[in-house]
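**Student:** The structure that follows is given in the form of structure tokens.
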Amino acid sequence: MLLSDRLVPASVRIEGGRITGLDVARDGAAVVDVTGLILAPAIVDIHGDAFERQLMPRPGVQFPLHAALLETDRQLAANGIATAYHALTLSWEPGLRSVEMGRAVVDGLAHLAPRLTVENRVQLRWETFCFEAIPLIQQALSGPLAPSIAFNDHTSMALLHPGTALQDRPFDHDPAFPVVDLDSPGFEAKMLERAKRSGLTPGAFVDLIRDIWTRRPQVQAKIAEVAAMGRAADVPMLSHDDSQTETRAYYHSLGAHLSEFPMNLHSARSAREAGDWIVFGAPNAARGGSHLGSPGAADMIRAGLCDILASDYFYPAMLAALTRLMADDVGPLPALWKLISANPAEASGLADRGRIAPGLRADLVLLDWPDSHLPAVRQTWVAGRPAYRAQA
């Protein structure tokens with residue numbers, strides 16, 4: 001059994017969906033013998049957008065919503081994830097990341113809730129130029145499962161002049177922010193993939209983003225409005241892809257105390273100095289580095305600048321990341337496991353999960369984990385209820 005600071009032989013008693021004791025009398029309880037396996041707290045995924053692959057398996061090919069969400073739920077359980085925040089992008093783009101799709105997902109998860117095996121929440125990944133999303137954010141904040149709010153500005157990132165590296169871009173609201181020539185052939189080519197996802201021609205997408213950019217003078221007021229909504233609802237708030245100390249300080253002042261995927265060392269350090277949580281992607285750790293050239297998660301963990309690993313775009317990356325981190329002597333298993341369980345639970349205000357201790361919810365994962373090999377999930381329990389089971 002994986003406890004907060006050690007791995008020990010032990011038994012756990014579960015009653016009414018909660019852990020009621022460790023190494024206590026059986027008293028007629030049904031016994032599940034898992035000798036030779038590892039029982040750990042189930043995973044809490046603070047940011048995962050792999051569900052988009054079920055919604056749109058190929059660019060422009062949309063799948064029925066309920067089928068996609070049910071399949072996503074099964075994938076989560078099979079990867080030991082008991083609590084998932086789906087990174088639901090609310091953008092001015094049409095198609096997959098539109099407000100209309102966001103509303104459909106929020107409503108679909110609510111409708112399917114009695115049939116889902118894990119706790120499916122949403123991270124409202126709000127594109128700050130998308131003013132149309134604010135009513136949906138308000139709706140989601142009043143739902144039965146509190147969401148988180150992530151402040152994203154992929155609009156400014158898309159319009160960044162190519163002479164400035166993405167990781168070094170200025171604070172997004174800097175009046176001197178360097179902007180690309182929107183009429184250049186290179187910019188239209190850069191927008192090709194986003195256009196495909198949106199169902200637009202590249203030229204139409206460029207025209208759309210040109211029009212959206214005129215909203216820039218109003219964006220900070222809208223950010224303040226959404227941040228006030230988040231504070232009133234007492235939900236966790238994150239800023240995405242911080243590139244400057246000024247950026248982190250700005251969002252910290254608004255109540256966003258999680259820095260998600262900081263893009264350079266000084267941004268991560270500013271988050272640490274402010275006492276904020278720092279999130280990196282598990283794929284980054286599993287692959288040995290960022291595909292965008294951002295800081296390596298393993299280096300950040302060693303430096304004390306990473307508190308949480310998120311699945312990002314691939315659910316199996318969580319366990320793969322821990323396997324590689326252990327192999328590379330980044331840390332012992334109990335300390336590393338906190339990156340995917342106790343820490344994201346605490347950062348999300350979910351005090352009832354993330355650890356194996358009496359009184360907590362019985363969110364557990366059973367692993368077949370031979371030395372120097374990837375673990376295989378054998379069983380997942382959510383609030384004591386079997387969510388997944390596989391035979392060896």
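**Student:** Among the candidates VAL105, VAL34, single out the residue that is assigned to a helix (DSSP H, G or I) and touching a strand residue (DSSP E or B) at 6+ places or on another chain (Cβ under 7 Å).
**Tutor:** From the options VAL105, VAL34, the qualifying one is VAL105.
**Student:** If you go through region 335-345 one residue at a time, do you hit one that is outside any strand (DSSP E or B), touching a residue at least 60 places away in the same chain (Cβ under 8 Å) and of a type in the set (Val, Ile, Thr)?
**Tutor:** Checking region 335-345: at least one residue is outside any strand (DSSP E or B), touching a residue at least 60 places away in the same chain (Cβ under 8 Å) and of a type in the set (Val, Ile, Thr).
**Student:** Does any residue of region 161-179 turn out to be assigned to a loop (DSSP other than H, G, I, E, B), buried (at least 20 other Cβ atoms within 10 Å of the Cβ), out of contact with any strand residue (DSSP E or B) (no Cβ under 7 Å at 6 or more places or on another chain) and at pLDDT 95 or above? Let's see the steps before the verdict.
**Tutor:** Start the filter on region 161-179 by keeping residues that are assigned to a loop (DSSP other than H, G, I, E, B), which leaves 161-165, 169-178.
Next, from what is left, pick out any that are buried (at least 20 other Cβ atoms within 10 Å of the Cβ): 169, 172.
Cutting the leftovers down to out of contact with any strand residue (DSSP E or B) (no Cβ under 7 Å at 6 or more places or on another chain) gives us 172.
Filter again for at pLDDT 95 or above, leaving 172.
Yes, region 161-179 contains at least one residue that is assigned to a loop (DSSP other than H, G, I, E, B), buried (at least 20 other Cβ atoms within 10 Å of the Cβ), out of contact with any strand residue (DSSP E or B) (no Cβ under 7 Å at 6 or more places or on another chain) and at pLDDT 95 or above.
Yes/no per residue for (1) within 20 Å of PRO295 (Cβ to Cβ); (2) over 21 Å from the mean Cα position of the chain (by Cα); (3) at pLDDT 95 or above:
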position	(1), (2), (3)
LYS196	no, yes, no
GLY203	no, yes, no
GLU225	no, yes, yes
MET237	no, no, yes
ARG248	yes, no, yes
HIS252	yes, no, yes
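**Student:** Does region 56-71 contain any residue that is in contact (Cβ under 8 Å) with a residue 60 or more places away in the chain and not in a loop (DSSP other than H, G, I, E, B)?
**Tutor:** no
**Student:** Hey, another quick one. In contact (Cβ under 8 Å) with a residue 60 or more places away in the chain and of a type in the set (Ser, Thr, Tyr) - does that describe any residue in region 211-226?
**Tutor:** no
**Student:** In the set ILE137, ILE149, which member is within 23 Å of ALA233 (Cα to Cα), within 15 Å of the chain's Cα centre (by Cα) and β-branched (Val, Ile, Thr)?
**Tutor:** None of the other options fit; the residue is ILE149.
So that you can scan it fast, the table gives a plain yes or no per residue for (1) in contact (Cβ under 8 Å) with a residue 60 or more places away in the chain; (2) not polar (S, T, N, Q):
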{"position": "VAL31", "(1), (2)": "no, yes"}
{"position": "ALA50", "(1), (2)": "yes, yes"}
{"position": "GLN54", "(1), (2)": "no, no"}
{"position": "LEU76", "(1), (2)": "yes, yes"}
{"position": "ALA87", "(1), (2)": "yes, yes"}
{"position": "SER91", "(1), (2)": "yes, no"}
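**Student:** Can you say whether LEU309 is among the aliphatic types (A, V, I, L, M) and crowded, with 23+ Cβ neighbours inside 10 Å, as far as the supplied structure shows?
**Tutor:** Values: among the aliphatic types (A, V, I, L, M): yes; crowded, with 23+ Cβ neighbours inside 10 Å: yes.
Taking the combined requirement at face value, the residue satisfies it.
**Student:** Please determine whether any residue of region 146-157 is part of a loop (DSSP other than H, G, I, E, B), exposed (fewer than 15 other Cβ atoms within 10 Å of the Cβ) and not β-branched (Val, Ile, Thr).
**Tutor:** The initial filter retains those residues of region 146-157 that are part of a loop (DSSP other than H, G, I, E, B), namely 146-147, 153.
Imposing the further condition that a residue be exposed (fewer than 15 other Cβ atoms within 10 Å of the Cβ) reduces the set to none.
No, region 146-157 contains no residue that is part of a loop (DSSP other than H, G, I, E, B), exposed (fewer than 15 other Cβ atoms within 10 Å of the Cβ) and not β-branched (Val, Ile, Thr).
The values are calculated or read from the model by the stated rules, or taken from the named source; none is laboratory data. Note that the structure is predicted; figures quoted are calculated from it, not measured. Positions of Cβ are generated from backbone atoms using ideal geometry, with glycine treated the same way; all protein chains shown enter the neighbour counts.
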